[in-house]
Amino acid sequence: MIHTKPTTNGPAPPTLQTPVEAKAKLSDLLGSRMMYSRLIGALFLLGFLSYGVGSGLATSLVGGSNFLSTIAASQTILVIGAFLMFLNTGVDVAKGVLFFPILEKHSKRTALAYLATMIVEVVLLAIGVLALLLIVPLARHAGEAGAQTLGTILVQTNATAYQMGEMALGVGAVFLCVLLFRTELIPRWLAVSGLIGYPILVAGTIAEIFGAHIGLYLTIPGFFFELVLPFWLFFKGFQPEAYQGQPVNTVRS
């Protein structure tokens, strides 16, 4: 009689695979966490630089009292500046999209609110950029009656659209920072700096719209958050447990 040893096709004992699986899972999680962290950090810096440089180029040409007569010779610079400003549209939408799955693990309403305010912001900023681009064809009629007045209106349209866009950004960022503080996705001191800075930013935009030119000074606290956050995300990333969507009490335990 030939005795055959029963064979099994089931999985190997979990004690043999669990350490390997756990290590692979941890590696994938860390890679994903840092990838998202660095992408979002890079977008914060790219948006800050692209819109800042573009706005600097454009506004340097339209700041004078009779700027329309000089635009024809410098229209390339104006177009480049407007393009850099418009690049910020894609950057800010990408920030909202990348943030969405991370925030959604803790609060879908906050994730939607932040994404919605980013979309409102970029639409308003895009309107301002289009107003600046309309100055290029208008410059061909610089000597005609009313052309300079219309040019001034276009410049003011960009300025007002910018302030309203920053107001929308500030409101959305307050929701973001509240969630960041509550979940500890980033250090609480950094989230608090945003909670302080963004309401001040909103106040500054309202002041500018009503003619009180103090908005530049009131943007400084908000810019602190937007400059420090990218570097924190580059080197530290989001807090691992909070990134996985674990509640605060689990993170602290």
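Can residue 204 be described as in a helix (DSSP H, G or I) and closer than 25 Å to residue 103 by Cβ? Working first, answer last.
Values: in a helix (DSSP H, G or I): yes; closer than 25 Å to residue 103 by Cβ: no.
So residue 204 does not fit the description; no.
Is it the case that the range 241-251 has a residue that's β-branched (Val, Ile, Thr), at pLDDT 95 or above and open to solvent by 30 Å² or more (accessible area, probe 1.4 Å)? Walk me through it before giving the result.
Residues of the range 241-251 β-branched (Val, Ile, Thr): 248, 250-251.
Next, only the ones that are at pLDDT 95 or above stay: none.
Checked against the condition, which is being β-branched (Val, Ile, Thr), at pLDDT 95 or above and open to solvent by 30 Å² or more (accessible area, probe 1.4 Å), the range 241-251 yields no hits at all.
Can you name every residue in the range 30-68 that is in a helix (DSSP H, G or I), among the small types (Gly, Ala, Ser) and open to solvent by less than 70 Å² (accessible area, probe 1.4 Å)?
Going through the range 30-68, the residues in a helix (DSSP H, G or I) turn out to be 30-61, 68.
From the residues that got through so far, the ones that are among the small types (Gly, Ala, Ser) too are 31-32, 37, 41-42, 47, 50, 52, 54-56, 58, 60.
Correct list: 31, 32, 37, 41, 42, 47, 50, 52, 54, 55, 56, 58.
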In the range 195-222, anything in contact with a Phe, Trp or Tyr (Cβ under 8 Å, 6 or more places away or on another chain) and open to solvent by 50 Å² or more (accessible area, probe 1.4 Å) is listed as 195
All conditions in (1) touching a residue at least 24 places away in the same chain (Cβ under 8 Å); (2) among the charged types (D, E, K, R); (3) out of contact with any Phe, Trp or Tyr (no Cβ under 8 Å at 6 or more places or on another chain) are true of residue 226 except (3)
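Residues of the range 186-203 being of a type outside the set (Phe, Trp, Tyr) and touching a residue at least 24 places away in the same chain (Cβ under 8 Å), which ones?
First pass over the range 186-203, keeping only residues of a type outside the set (Phe, Trp, Tyr): 186-188, 190-197, 199-203.
Of everything in the range 186-203, those that are of a type outside the set (Phe, Trp, Tyr) and touching a residue at least 24 places away in the same chain (Cβ under 8 Å) turn out to be 186, 187, 190, 193, 194, 196, 197, 199, 201, 202.
Quick one: which helices (runs of 4 or more DSSP H) sit completely within the range 95-186 and have at least 2 residues that are closer than 21 Å to residue 39 by Cβ, of a type outside the set (D, E, K, R) and open to solvent by less than 60 Å² (accessible area, probe 1.4 Å)? Give the steps one after another, and end with the answer.
Working: elements: 108-133, 135-138, 147-183.
Where helices (runs of 4 or more DSSP H) fall fully within the range 95-186 and carry at least 2 residues being closer than 21 Å to residue 39 by Cβ, of a type outside the set (D, E, K, R) and open to solvent by less than 60 Å² (accessible area, probe 1.4 Å), they are 108-133, 147-183.
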I'm checking my understanding of the structure. Among residues of the range 84-94 that are more than 10 Å from the chain's Cα centre (by Cα) and aliphatic (A, V, I, L, M), which one is surrounded by the fewest Cβ atoms within 10 Å (Cβ to Cβ)? 87
For the range 164-197, enumerate the residues that are more than 16 Å from the chain's Cα centre (by Cα) and over 25 Å from residue 233 (Cα atoms). none
Tell me yes or no: at least one residue of the range 229-238 is more than 18 Å from the chain's Cα centre (by Cα) and buried (at least 19 other Cβ atoms within 10 Å of the Cβ). no
When both residues are 6+ apart or on different chains and their Cβ atoms are under 9 Å apart, which pairs have a first residue that lies in the range 163-176 and is closer than 14 Å to residue 203 by Cβ and modelled with pLDDT under 95, and a second that is outside any helix (DSSP H, G or I) and β-branched (Val, Ile, Thr)? 166/219
Taking first residues from the range 36-51 that are free of Cβ contacts under 8 Å to residues at least 60 places away in the same chain and aliphatic (A, V, I, L, M) and second residues anywhere that are crowded, with 20+ Cβ neighbours inside 10 Å and not in a helix (DSSP H, G or I), the pairs with Cβ under 9 Å that are 6 or more apart or on different chains are none
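The values are calculated or read from the model by the stated rules, or taken from the named source; none is laboratory data. Keep in mind that what you see is a predicted model, and the values were worked out from it rather than measured. Using ideal geometry, Cβ is built from the backbone for each residue, glycine included, and neighbour counts are taken over all protein chains shown. Just so you know, the surface numbers come from the protein's heavy atoms only, side chains and all, with ligands and any DNA or RNA stripped out. Shrake-Rupley method; radii C 1.70, N 1.55, O 1.52, S 1.80 Å.
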